[in-house]
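A.B. asks: Got a structure here, written out as structure tokens. Questions coming.
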Amino acid sequence: MAHDPALGLGEPSDKEIRLVIAASSAGTVFEWYDFFIYGTLAALIGKAFFPADNETLQLLLVWAGFAVGFGFRPLGAILFGFLGDRLGRKYTFLVTVTLMGIATAGVGLIPSAATIGLAAPAIVIVLRILQGLALGGEYGGAAVYVAEHAPPEKRGFYTGFIQASVVGGFVLSILVVILCRALIPEDAFAAWGWRVPFLLSLILLGISLWMRLKLSESPVFKAMKDAGEMAKNPFVESFTYPGNKKRIFVALFGITGVLTTIWYTAFFSGMSFLRGPMRMDETLVEIVMLVAATLSMGFYVLVGKWSDRVGRKLPIILGALATLVLLFPLFWGIGALANPALAASARAAPVVVAGAGCTYDPFASKQSTPCGKLLADLTALGVSYDIADHSGVARLSVGGLLAPVDAADDAARKPALQAALEARGYDFSMQRPSASRLAGIVALLVALGILSALTYGPVAALLAEMFPPQIRYSSMSIPYHIGAGYLGGFLPLIAGYIVAITGNAYAGLWYTWAIVAFGLLVAWWGLPGGPPRDFTAVDREAPPVSPAMP
């Protein structure tokens, strides 16, 4: 790749390598900051743009908006992958970072739904679509650019910084929110201060453009252009190049499906779990996630470097296997440390609900039956429940004793329900765990981060090595962003829905477990083992992509 004699490429200097890594990583941090700030401020965004009487519905609408951005990432991958393979790596990801910065700042300028009505969420969705398009081109561009500059024996190490930069974007989003909360009074932050992190993206955009404009074009791309070996239509040829369909399938399910569901479970599901069912103080949650994510970042680089010795397949397989074994125990441990009284109360006094029409629709603003309303209140309180039967008058028992709650009384139902639960030991106060328990939560979150690093650290190098240079930007971006966009981007929404309809705070983890289990089988079957190898060393027998017409 970076130094193929056939392409006549020379060894870049250490200074050039440092600039490539620094500029590409910084741009990736800023771009993911722009994308993640939406999820970090999900609760306040819900109140501003998606107001609803049903608290669960409000949060699900926010996550639906989050998912929409991911849903458009594949289209961005096709569009900017085409441009990256035809026009160059450098200028394409200059466009993507500009689009992302402008769209993110726009979210901070939209009037609330109380001011302009349904136009507010509609504009938010449009801006999320633009963010998704931009992100669809960013990751592939940065990963390919660094990989094509790196010497083969250090490709995993150098591209590991790009992988760590994704976590860096999450860390930066939390850090900025914490600083804004510290500098802006609480009421003011809830009213308008939450917009400041979005507007700051304009400053980050300026820094990113300044750094990336200093870069030169990828040496691999320049050599292909000089030799007239450019693809005519990178999108079409990504699916017609010999063997590429299998490689795309493996990249989609065996690589991206695994890494993206683990990543979003570790960081976004972890944050949502602590804020929601565990009722931890919001500022403490942000600090815990900041510390855990920061400590996790170095592992992405270490695993990338390790993969230069042992190959890309081994870390991914180990990470996926460990996730299947440890996912539930790690979250059980986090729950036990964050809110031990809740777990103890659920064991000592389980909640059982019964009644006609005892189903819960999280997408309804109001439930249609008294029993459904009970389930909605329990879900909002983060209390697990079982449904005994679906007949008769709506009723609820706590620890085997019938609770005096009139499910049909909308005004008095929730206070009466909460009082009945508190009488049996349930604690709904804001949780502020001790320092030792907070340290334990951080350690378990770091363990989740290490599982993510194992499956994510080697991936930029692996994807670059899997595909031919002429269509590399498109071929790696398309499966990556389909997997990350749909399997990962919809994870908060799907997991939240599963939790809402089951009444079990841990049930959403089954989504992650199933995707990882399937991906593990695909990776075991389809990924090449042994030391890392360039595409040309593996697949020289495949006919080359047809050159572009003069």
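A.B. asks: May I ask what percent, to the nearest 5, of DSSP beta bridges between residues of the chain are antiparallel?
C.D. replies: Bridges in the chain that DSSP calls antiparallel: roughly 70 percent.
A.B. asks: To continue, here is another question. Local charge sum around LEU175 (other residues, Cβ-Cβ under 13 Å, Lys/Arg +1, Asp/Glu -1)?
C.D. replies: 0
A.B. asks: I would also like to ask the following. Determine the percent antiparallel among the DSSP beta bridges restricted to region 347-423, to the nearest 5.
C.D. replies: 75 percent
A.B. asks: Tell me, what HN-Hα J-couplings in whole Hz come from the Karplus equation 6.51 cos²θ - 1.76 cosθ + 1.60 at θ = phi - 60° for each residue of region 431-439, using x for Gly and Pro?
C.D. replies: 8, 10, x, 5, 4, 5, 6, 4, 4
A.B. asks: What residues have an amide H closer than 5 Å to that of ILE387, excluding those fewer than 5 places away on the same chain, when H is modeled at 1.01 Å from N in the peptide plane?
C.D. replies: Those lying under 5 Å, H to H, from ILE387 are VAL353.
A.B. asks: Considering the chain, which cysteines have no disulfide-compatible partner, defined as another cysteine with its Cβ under 4.7 Å away?
C.D. replies: Result for the chain is CYS180, no neighbouring Cys Cβ within the cutoff.
A.B. asks: Oh, and also: By count of other Cβ within 10 Å, fewest leading, how are MET280, MET100 ordered?
C.D. replies: Result, fewest neighbours first: MET280, MET100.
A.B. asks: Additional query: How much net charge surrounds PRO458 when only other residues with a Cβ under 12 Å from its Cβ are counted (Lys, Arg +1; Asp, Glu -1)?
C.D. replies: +3
A.B. asks: Taking K and R as +1 and D and E as -1, what net charge do the other residues with C-beta under 14 Å from the C-beta of VAL310 add up to?
C.D. replies: +4
A.B. asks: Same structure, new question: Applying the Karplus parametrisation 6.51 cos²θ - 1.76 cosθ + 1.60 with θ = phi - 60° to the phi angles of region 329-346, what ³J(HN,Hα) value in whole Hz is obtained for each residue in order, glycine and proline being reported as x?
C.D. replies: x, 5, 6, 4, x, 4, x, 5, 7, 6, 8, x, 5, 5, 5, 5, 5, 5
A.B. asks: Of (1) 148; (2) 181; (3) 190, which one was derived for volume of the Cα convex hull per residue in Å³ from the structure shown?
C.D. replies: From the options (1) 148; (2) 181; (3) 190, the structure gives (1).
A.B. asks: With each pseudo-label sitting 7 Å past Cα toward Cβ, what's the ALA419-ALA364 distance in nm, one decimal?
C.D. replies: 2.7 nm
A.B. asks: Using just the helices of the chain, give the 222 nm mean residue ellipticity in deg cm²/dmol: DSSP H runs with n ≥ 4 each add -39,500 (n - 2.57), and the total is spread over all residues, rounded to 500.
C.D. replies: -21500 deg cm²/dmol
A.B. asks: Take the Cβ-Cβ distance between VAL393 and PHE249 as r, set R0 to 56 Å, and report the resulting FRET efficiency rounded to the nearest 0.05.
C.D. replies: 0.60
Quick note: the coordinates plus some simple rules give every number you see, no bench work behind them. Values in this document were obtained by computation on a predicted structure and should not be read as measured data. Neighbour counts are summed over all protein chains in view; Cβ atoms, including those assigned to glycine, are modelled from backbone coordinates with ideal geometry.
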